[in-house]
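Remarks on the structure that follows.
The values are calculated or read from the model by the stated rules, or taken from the named source; none is laboratory data. Owing to the predicted nature of the structure, the values given are computational and were not obtained by experimental measurement. Glycine also receives a Cβ, built like all others from the backbone with ideal geometry; neighbour counts cover every protein chain displayed. Ligands, DNA and RNA are stripped out before the accessible areas are found, and what is left, the full protein with its side chains, is counted by its heavy atoms. Shrake-Rupley method; radii C 1.70, N 1.55, O 1.52, S 1.80 Å.
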Amino acid sequence: MRVLVTGGAGYIGSHTLVELLTEGHEAFVFDNLSNGHEEALSRVKQLANKDFGFVKGDIRDGEALDKAFLEFKPEAVIHFAGLKAVGESVEQPLAYYENNVAGSVELLKAMGAHDCKKIVFSSSATVYGTPQYLPLDEDHPVSPVNPYGQTKLMVENILKDWAQDGRSATALRYFNPVGAHVSGRIGEDPHDIPNNLMPYIAQVAIGKREALQIFGDDYETRDGTGERDYIHVTDLANAHIAALGTMNEAAGFSVYNVGTGQGTTVKELLAAYGETVGQELPFETVQRRSGDVASSVASPKKANEALNWSATLSVHDATSSSWNWQAQNPDGYAQ
Ligand code: NAD
Ligand code: UFG
């Protein structure tokens, strides 16, 4: 299939590109590089041993989208482009509504103008808000607690209305993506101090940060620290390809959790990373981070059955691939 990948120069997009190209699809990347890396695209080409087009453009720019659609004539879109920092979304909500919601509407308009009828969208488990029960299935009520989560839910709702008359849309609600490509050539390269747990631990392991701050150890979990469902980025990438394979004129709108079904606490993840690098990693316990929930674990049953997809990689695979990437590229893509 000919697939336009918005946000393809980012963390999840670059890993998905490798799998897409390896599976024999053709790709074209549309990314404004606000948080992505052109170097990641060069490395994807080497890993997949296949070329693809790239345009530096913004999804809020209808003309740039039009040009890209005219040039590449995609049959489907995988839509990763957007802003993703929860804290920043509280401080700058309009930037989130503009990039994530208005940008997605521009993209759908371009798809309409160029007769492109399939889209896979990056949603997030954050749409569930505070869990009322676990594991979270797709029928769990949605109630996002920050502007970032609102934007994901709004786009899901827009896609639900859009996906008719032969158009189909699949929203994938990612749990916590972690890890890197097995080669260590591409991985997560946060522009600032990492907000998320695994990239922060990676920087402690390489000696860039002194110690992990554990945000609270008085949650109702096995060891008092927050529990999450960590999904390896390569498994996540493959969920997109599985989703593309199920979309047809009658498919309409679908939503799937993408997780493993297994919870891991902060202390467990830190210990697993320590085993990977062969030394215990330093931490200090600090106050809870506002907005955090005790536990978030997926029921991936719907995706397992309907997409014939399931996670195959372990937390250990995630820590070892993350470390492989971090150790080979201590400064990320900057050479
Ligand atoms: P990322 O920041 O690495 O990738 C996003 C890419 O989109 C970047 O390359 C960035 O340059 C590009 N981009 C941003 N705004 C754009 C715009 N207006 N026009 C064109 N390009 C733009 O993030 P990621 O972790 O790869 O996340 C990809 C998607 O998955 C995002 O939509 C994110 O919200 C969603 N998601 C991520 C997580 C996570 O923890 N990483 C969890 C759930 C959902
Ligand atoms: N944590 C720490 N110290 C850190 C960073 C995180 O203790 O330095 C803890 C958090 O308190 C939480 C766990 O590690 O218990 C995971 O935190 P992350 O920030 O890695 O992930 P979140 O679950 O908070 O956030 C992720 C995505 C968001 C998304 C959210 C809900 O990053 O985009 O899941 O789905 F909105």
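Scanning the range 40-54 for residues that are more than 18 Å from L107 (Cβ to Cβ) and either open to solvent by 30 Å² or more (accessible area, probe 1.4 Å) or charged (D, E, K, R) (or both) turns up S42, R43, K45, Q46, L47, N49, K50, D51.
For every residue, the table says whether it meets (1) surrounded by fewer than 24 Cβ atoms within 10 Å (Cβ to Cβ); (2) at pLDDT below 95; (3) within 16 Å of ligand 2 (Cβ to nearest atom); (4) not aliphatic (A, V, I, L, M).
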{"site": "R2", "(1), (2), (3), (4)": "yes, no, no, yes"}
{"site": "G8", "(1), (2), (3), (4)": "no, no, no, yes"}
{"site": "T16", "(1), (2), (3), (4)": "no, no, no, yes"}
{"site": "L33", "(1), (2), (3), (4)": "yes, no, no, no"}
{"site": "E38", "(1), (2), (3), (4)": "yes, no, no, yes"}
{"site": "D61", "(1), (2), (3), (4)": "yes, no, no, yes"}
{"site": "A64", "(1), (2), (3), (4)": "yes, no, no, no"}
{"site": "V86", "(1), (2), (3), (4)": "yes, yes, yes, no"}
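When both residues are 6+ apart or on different chains and their Cβ atoms are under 7 Å apart, which pairs have a first residue that lies in the range 77-100 and is touching a residue at least 12 places away in the same chain (Cβ under 8 Å), and a second that is among the aromatic types (F, W, Y) and open to solvent by less than 40 Å² (accessible area, probe 1.4 Å)? Going by the 7 Å Cβ cut-off, the qualifying pairs are H79/F121; L83/Y96; K84/Y148; V86/Y148; S89/Y96; S89/Y148; Y96/Y148.
In the range 250-301, what residues are touching a Phe, Trp or Tyr at 6+ places or on another chain (Cβ under 8 Å) and among the hydroxyl-bearing types (S, T, Y)? T260, T264, Y273, T276, S295, S296 - these are the residues of the range 250-301 that are touching a Phe, Trp or Tyr at 6+ places or on another chain (Cβ under 8 Å) and among the hydroxyl-bearing types (S, T, Y). The numbered conditions (1) part of a loop (DSSP other than H, G, I, E, B); (2) free of Cβ contacts under 8 Å to residues at least 60 places away in the same chain; (3) open to solvent by less than 10 Å² (accessible area, probe 1.4 Å); (4) not hydroxyl-bearing (S, T, Y) are all true for I119 except (1). Restricting the range 247-282 to residues that are at pLDDT below 95 and crowded, with 17+ Cβ neighbours inside 10 Å leaves a set whose member that is nearest to ligand 1 (Cβ to nearest atom) is M247.
Of the residues in the range 298-318, at least one is touching a residue at least 24 places away in the same chain (Cβ under 8 Å), in contact with a Leu (Cβ under 6 Å, 6 or more places away or on another chain) and outside any loop (DSSP other than H, G, I, E, B). If you go through the range 286-331 and keep only what is modelled with pLDDT under 95 and at positive phi, you end up with just G291. For the range 288-311, what are the residues that are away from ligand 2 (no atom under 15 Å from the Cβ), open to solvent by less than 90 Å² (accessible area, probe 1.4 Å) and more than 28 Å from I206 (Cβ to Cβ)? Answer for the range 288-311, where residues must be away from ligand 2 (no atom under 15 Å from the Cβ), open to solvent by less than 90 Å² (accessible area, probe 1.4 Å) and more than 28 Å from I206 (Cβ to Cβ): K302, A303, N304, A306, L307, W309, S310.
Just so you know, in the range 149-164 the residues that are farther than 26 Å from E220 by Cα and under 17 Å from the mean Cα position of the chain (by Cα) include one that is surrounded by the most Cβ atoms within 10 Å (Cβ to Cβ), and it is T151. For the range 150-189, enumerate the residues that are of a type in the set (G, A, S), more than 30 Å from H316 (Cβ to Cβ) and either within 16 Å of ligand 1 (Cβ to nearest atom) or free of Cβ contacts under 8 Å to residues at least 12 places away in the same chain (or both). Passing the criteria: only A169.
If a residue must be more than 27 Å from L47 (Cβ to Cβ), more than 10 Å from ligand 2 (Cβ to nearest atom) and buried (at least 18 other Cβ atoms within 10 Å of the Cβ), how many such residues does the range 165-218 contain? Total satisfying the criteria: 4. Among the numbered conditions (1) part of a loop (DSSP other than H, G, I, E, B); (2) away from ligand 1 (no atom under 16 Å from the Cβ); (3) open to solvent by 40 Å² or more (accessible area, probe 1.4 Å); (4) closer than 28 Å to Q326 by Cα, the only one that T285 does not meet is (1). Pairs meeting the criteria (first residue in the range 196-213 and farther than 22 Å from D229 by Cα, second residue part of a loop (DSSP other than H, G, I, E, B) and at pLDDT 95 or above, beta carbons under 7 Å, at least 6 apart or on different chains) are E210/P282; A211/P282. For D139, are the conditions met, namely being farther than 21 Å from T260 by Cβ, open to solvent by 20 Å² or more (accessible area, probe 1.4 Å) and free of Cβ contacts under 8 Å to residues at least 12 places away in the same chain? It is false that D139 is farther than 21 Å from T260 by Cβ, open to solvent by 20 Å² or more (accessible area, probe 1.4 Å) and free of Cβ contacts under 8 Å to residues at least 12 places away in the same chain.
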